[in-house]
């Protein structure tokens, strides 16, 4: 079998595999569909109107009810301060699952189109297949959630108690821990899918538009994928920031410094890294393709120039055409982003900061006044 035939077969195999891949948060969100996978179903999770929002609501209520039930059994019920906190915690964990599902679906559906179709190396195809197989395993994210979820839940609950003055209660701790486990499951997918994978695909060999690689469909789809994931993540961070600040879990209070630091390191920082590194790798892909073409043109110019000691008129015209062609390709963009897209990105990064300032208006004013009085 020739390489083209083997490449086509491998492409279809990966495309079919991508239809079946699901992240752990997706299985939690759409638990009933685990049965369909066990039965060998190759269909998608939803047909028609997506049901994951309803499933997310059920999980949010279930997470709240567990904490409420434990509180009724051990603590005599929830305090009026604890009830809204637990409702928000349940909703936050469920929304993390929903955001992960949307992002993973975007990732797989996008890559099944032009990016997969335009890969022209069988070795790259096999590398992609192996990488997907490794990172869609369920055990590692499950164990990470079970280990680090309770730790995160304890930090958040302790921070809230220090500000609110409430005693430790097992019910609220259980709900916050369950929501934290769900969040850790989601965070586990950040590095392999949204940080390391752009670096991997930037080294794949694609069939790009030769004279302007930045205008290729592959480049456009990959750039749109990263931008869409960014906006979904930013929206969730804004909601999370407002909630943490409203419930005094994230504030300027000294007791909450550890929580604010953890939130910044593990939520805001990965979001910025996700976008910046992704666009840099796409830019590297464009530059590598451009220089491949430029080097070929330069070789042609050198060869043509060496043919005659004194080039005749026809040769000079040919050399001029090649040099103009070289300069035109060199002048094409090295990035899929334009000025407006970059400005939108910067505006998006300001949303969590604005949300934080709004939710902590009084503390911000107090901190500013204290600074200028020094």
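Brief remarks follow.
- Lone qualifier among 213, 192 - being crowded, with 23+ Cβ neighbours inside 10 Å and more than 21 Å from residue 95 (Cβ to Cβ): 213
- Test: residue in segment 128-138 that is surrounded by 21 or more Cβ atoms within 10 Å (Cβ to Cβ), in contact with a strand residue (DSSP E or B) (Cβ under 8 Å, 6 or more places away or on another chain) and either at pLDDT 90 or above or part of a helix (DSSP H, G or I) (or both): yes
- Test for residue 153: is it touching a helix residue (DSSP H, G or I) at 6+ places or on another chain (Cβ under 6 Å), at pLDDT below 90 and crowded, with 20+ Cβ neighbours inside 10 Å: no
- Boolean, residue 193 is under 30 Å from residue 154 (Cβ atoms) and assigned to a helix (DSSP H, G or I): yes
- Count of residues meeting criterion [part of a helix (DSSP H, G or I) and in contact (Cβ under 8 Å) with a residue 60 or more places away in the chain] in segment 110-127: 12
- Residue-level check: of (1) in a helix (DSSP H, G or I); (2) touching a strand residue (DSSP E or B) at 6+ places or on another chain (Cβ under 6 Å), residue 204 misses just (1).
- Condition met for residue 330 (modelled with pLDDT of 85 or more and loosely packed, with under 15 Cβ neighbours inside 10 Å): yes
- Only one of the listed residues (251, 214) is modelled with pLDDT under 85 and closer than 23 Å to residue 115 by Cβ. That residue is 214.
The values are calculated or read from the model by the stated rules, or taken from the named source; none is laboratory data. These numbers were taken from a predicted model, which means no experiment stands behind them. Note that each Cβ is placed from the backbone with ideal geometry, even for glycine, and that neighbours are counted across all protein chains shown.
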